[in-house]
Amino acid sequence: MSEFDVESIVSQMTLEEKAKLLVGIGMPGLFGNPHSRVHGAAGATHAIERLGIPSVVMADGPAGVRISPVREGDARTYHATAFPVAVMLASTWNLELVERVGRAIGEEAREYGVDVLLAPGVNIHRHPLCGRNFEYFSEDPLLSGLFAAAYVRGVQSAGVGATPKHFAANEQETNRFFIDTIVSERALREIYLKPFEIVVKEAKPWAVMSAYNKLNGKYCSQSEWLLTKVLREEWGFNGIVMTDWFAGDNPVEQVKAGNDLIMPGKAYQINPNRKDEVEELVNAVKRGELDERVLDASVKRVLKFLAKTPALRGYRYSNQPDLEAHAGLAYEAASEGVVLLKNNGALPLKEGARVAVFGTGQIETVRGGTGSGWTYPRYVVSILEGLRESGLKVDGELAEMYQKYVQEMRKLDAYKPKEFFGQPIKPRLPEDFLDTEMVNKVAERNDAAIFVIARVSGEGADRLPTEGDFYLASDERALLKKVCSAFHALGKNVIMILNIGAPIEVASWRDDVNAILLVWQAGQETGRIAADALVGRINPSGKLPTTFPRDWPDVPVAKSPECYPGTPPENPRVVKYCEGVYVGYRYYDTYGVEPAYEFGFGLSYTKFEYGNLTVERVGDKVRVSFEVVNVGGYPGKEVAQVYVRAPKGKLDKPFQELKAFKKTRLLKPGESERIELAINVKDLASFDESEGVWLVEKGVYEVRVGASSRNIKLTGTFTIENDIKFKP
Ligand code: BGC
């Protein structure tokens, strides 16, 4: 847009117009506001017609474009593909695949008239209970950052913008609008800012969304340190920062801090303490409280951002994205994210096996979490449908009982779906409605039992360390017990399918079942994915991007309410990230706490061997090369992981940290792949708070190549002769 002369446009704008450009039009379609041109989109900017500036539309979210699938008085539909949730995308460990998912989501956004996608979510799985963990990739900053970068590259290659969010330290939903996150600069830089740093530097997102919470005393959206010093000056970000929806309490402070766009606008519509942001900005300039040059700097950034959008370029969208092709891609992505957690030879099932399916999740299969990460696809294949399609012989009488049960229960007041911003929030159904006699009868006539546990969570609330959420409910346990005794008495297997968005407790029951397949919330193809993995049409190749702890008290944040959910615990205002950099496997490995399933874990129907490691320090890189061979009987892909263990030095370091990884191509039995990876020496640094610098300490480093963080197959070493320090 060379003709789009930002300087000249700014010079023609009135103060009122400038302020308007920095504030959204109000929540479209709600609180009496008109819809934006794309119904159900989360936000839009003000058009300034006099200057030829159109309104630009923004829509969520991480698992697919969230817009309204229907519009009043319009016979057409506007469905978007439901892709697997982010934690499942990260479970693929396949960056190229996730980039293609990003591109497909970008194309759908573009073809529906959306200019900017409000995704990906780049917060860290600090613990398993954050209600939005499903929207975030991992507990590891490198994995999160690289997946975010792949996703953003994909979205932006379609010509629409991406918005990594929520910047930063927004790892819980409890009191998210005002909770003050207290975190050390080291933990912040190494764990919580790192994924944003990676995505900003590698993928140049058009926008970043600042978070709701306060960070060390200041609202993120009002923190000059965060938005200007770190994001722009240190990392060279040159896009815009937009607030999360209704974030913060002071638009003037937001603009001063470098938060260019205040979204969705008209905060007074939901909060009587707020005023019209446009007026506030105008008045602040008039009163001399806000330097007009500061306002102008934001206006220029917003104009440069607008110049890139399809709306400004006059793109004619079709309202007809290629949903067929994207359904195939949603399947492909999910097929690589399935994680096989346990298999005592029960899987794969023989084609045509007779299976009894238990659990209401077979019918009410969860495609993704609720809130802004929700999607409206054309269809969702339930687990029951997927199993039926797959050629397995599903016990018809049992399936019918489940269908009736679900239908009847949902009519009862206690279990009626509750509408929340147009989304059905369904209370969990009690599972133990079958008597022992029925279960025994079903066990007689089937070859295996499939047991589905489903969980859903979403924006605005965290999960709970209670039965029915993190733990199995007593009704789930009771049914599982009946099923296991009936099937095991006859020498038949019980296979667990986990249709969940974040870890649950598994250690107390996993010995009772013969296999566990984690299908996450796999989007619209969830049922097909589950079925095809069960019968071996998919050979599971996903690995955990997040630890499954043995029990909630094992999680470092569970040590004190100060650390989670914050204090006072009934209504927390302050949460301390007490564990510092010891998040996820960094904690479990360093402190010798055994998880249920460790970071990086996942089984396959085949076996891989690792060999021929070479480690070589070449200038500012460490080159790591090794071979992976498929020595089993099935074609499969392996996720090889490289961890580095630092020498003892000035700074305490985690036992090991992930520094590189690679998923192999599909290897046939007997085939091998040589994997070559490079680690930047600088990426070995920890942040030394005493000097305010990144520090790579001298000494001998151990390179640990493995199939998971605790299944290390090969080790080597390299040496750093002298300390290396550099400024952030
Ligand atoms: C969420 C954001 C989302 C926005 C717009 C907020 O409540 O935190 O992730 O993009 O709403 O829907």
Among the numbered conditions (1) open to solvent by less than 10 Å² (accessible area, probe 1.4 Å); (2) within 12 Å of the ligand (Cβ to nearest atom); (3) farther than 24 Å from Asp589 by Cα; (4) of a type outside the set (Val, Ile, Thr), tell me where Phe177 comes up short.
-> (1)
Could you tell me whether Gly40 is within 16 Å of the ligand (Cβ to nearest atom), open to solvent by 10 Å² or more (accessible area, probe 1.4 Å) and modelled with pLDDT of 95 or more?
-> yes
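Just to verify a result, which residue in the range 43-71, among those that are among the charged types (D, E, K, R) and more than 16 Å from the ligand (Cβ to nearest atom), is farthest from the chain's Cα centre (by Cα)? Can you show your working first?
First, the residues of the range 43-71 that are among the charged types (D, E, K, R): 49-50, 60, 66, 71.
Then drop every residue that is not more than 16 Å from the ligand (Cβ to nearest atom), which leaves 49-50, 71.
Values: Glu49: 37, Arg50: 40, Arg71: 29 Å.
Looking at the filtered set, the residue picked out is Arg50.
Scan the range 379-389 and tell me whether some residue there is touching a His at 6+ places or on another chain (Cβ under 9 Å), open to solvent by 40 Å² or more (accessible area, probe 1.4 Å) and within 16 Å of the ligand (Cβ to nearest atom). Even if it seems obvious, please write down each step before you answer.
Of all residues in the range 379-389, those touching a His at 6+ places or on another chain (Cβ under 9 Å) come to 379.
Filter once more, keeping what is open to solvent by 40 Å² or more (accessible area, probe 1.4 Å): 379.
Applying the additional criterion that residues be within 16 Å of the ligand (Cβ to nearest atom) yields none.
No, the conditions are met nowhere in the range 379-389.
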When (1) open to solvent by less than 20 Å² (accessible area, probe 1.4 Å); (2) in contact with a Cys (Cβ under 9 Å, 6 or more places away or on another chain) are applied to Val583, the one that fails is (2)
So how many residues does the range 72-87 have that are more than 16 Å from the ligand (Cβ to nearest atom), closer than 21 Å to Gly458 by Cα and out of contact with any Leu (no Cβ under 9 Å at 6 or more places or on another chain)?
-> 2
Residues of the range 620-641 satisfying the condition of being in contact (Cβ under 8 Å) with a residue 60 or more places away in the chain and more than 30 Å from Pro348 (Cβ to Cβ) = Asp620, Lys621, Val622, Val624
So which residues in the range 45-80 are without any contact (Cβ under 8 Å) to a residue 40 or more places away in the chain and either on the phi > 0 side of the Ramachandran plot or buried (at least 24 other Cβ atoms within 10 Å of the Cβ) (or both)?
-> Gly52, Gly73
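Any residue at all in the range 368-379 that's within 24 Å of Gly536 (Cβ to Cβ) and in contact (Cβ under 8 Å) with a residue 12 or more places away in the chain? Give the steps one after another, and end with the answer.
Initially, the range 368-379 is screened for residues within 24 Å of Gly536 (Cβ to Cβ), giving none.
No, that holds for no residue.
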Take the residues of the range 235-246 that are away from the ligand (no atom under 13 Å from the Cβ) and within 19 Å of Val294 (Cβ to Cβ): which is most open to solvent (accessible area, probe 1.4 Å)?
-> Asn238
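Table: residues versus (1) within 16 Å of the ligand (Cβ to nearest atom); (2) crowded, with 18+ Cβ neighbours inside 10 Å.
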position: Val199; (1), (2): yes, yes
position: Glu202; (1), (2): no, no
position: Val208; (1), (2): yes, yes
position: Glu233; (1), (2): no, no
position: Gly248; (1), (2): yes, yes
position: Lys266; (1), (2): yes, yes
position: Val278; (1), (2): no, yes
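Quick check on my filter: what residues within the range 451-476 are of a type in the set (D, E, K, R), part of a loop (DSSP other than H, G, I, E, B) and more than 16 Å from the ligand (Cβ to nearest atom)? I'd like the intermediate steps shown before the answer.
Of the range 451-476, the ones of a type in the set (D, E, K, R) are 455, 459, 462-463, 467, 469, 475-476.
In the following step, the residues that additionally are part of a loop (DSSP other than H, G, I, E, B) were identified as 455, 459, 462-463, 469.
Result: Arg455, Arg463, Asp469.
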Expected single match for crowded, with 24+ Cβ neighbours inside 10 Å and more than 12 Å from the ligand (Cβ to nearest atom) among Ala169, Ala158, Ala119 is Ala169
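Is it the case that the range 343-357 has a residue that's within 25 Å of the chain's Cα centre (by Cα) and either away from the ligand (no atom under 16 Å from the Cβ) or open to solvent by less than 10 Å² (accessible area, probe 1.4 Å) (or both)? Explain how you work it out, then say what you get.
First pass over the range 343-357, keeping only residues within 25 Å of the chain's Cα centre (by Cα): none.
No, the range 343-357 has no match at all.
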Provide a single number: the residues in the range 602-620 that are at pLDDT below 95 and open to solvent by 70 Å² or more (accessible area, probe 1.4 Å).
-> 0
Some residue of the range 435-450 being open to solvent by 40 Å² or more (accessible area, probe 1.4 Å), away from the ligand (no atom under 16 Å from the Cβ), farther than 30 Å from Pro62 by Cβ and touching a helix residue (DSSP H, G or I) at 6+ places or on another chain (Cβ under 6 Å) = yes
Meets criteria (open to solvent by 10 Å² or more (accessible area, probe 1.4 Å) and either assigned to a helix (DSSP H, G or I) or within 12 Å of the ligand (Cβ to nearest atom) (or both)) for Gly106 = no
What's the number of the condition Arg704 fails, among (1) open to solvent by less than 70 Å² (accessible area, probe 1.4 Å); (2) more than 28 Å from Lys201 (Cα to Cα)?
-> (2)
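The values are calculated or read from the model by the stated rules, or taken from the named source; none is laboratory data. These figures come from a predicted structure and were not determined experimentally. When we count neighbours, we look across all protein chains shown, and the Cβ atoms used for this are built from the backbone with ideal geometry, even at glycine. Each accessible area value is taken on the protein alone, full model and side chains, heavy atoms only, with ligands, DNA and RNA left out. Shrake-Rupley method; radii C 1.70, N 1.55, O 1.52, S 1.80 Å.
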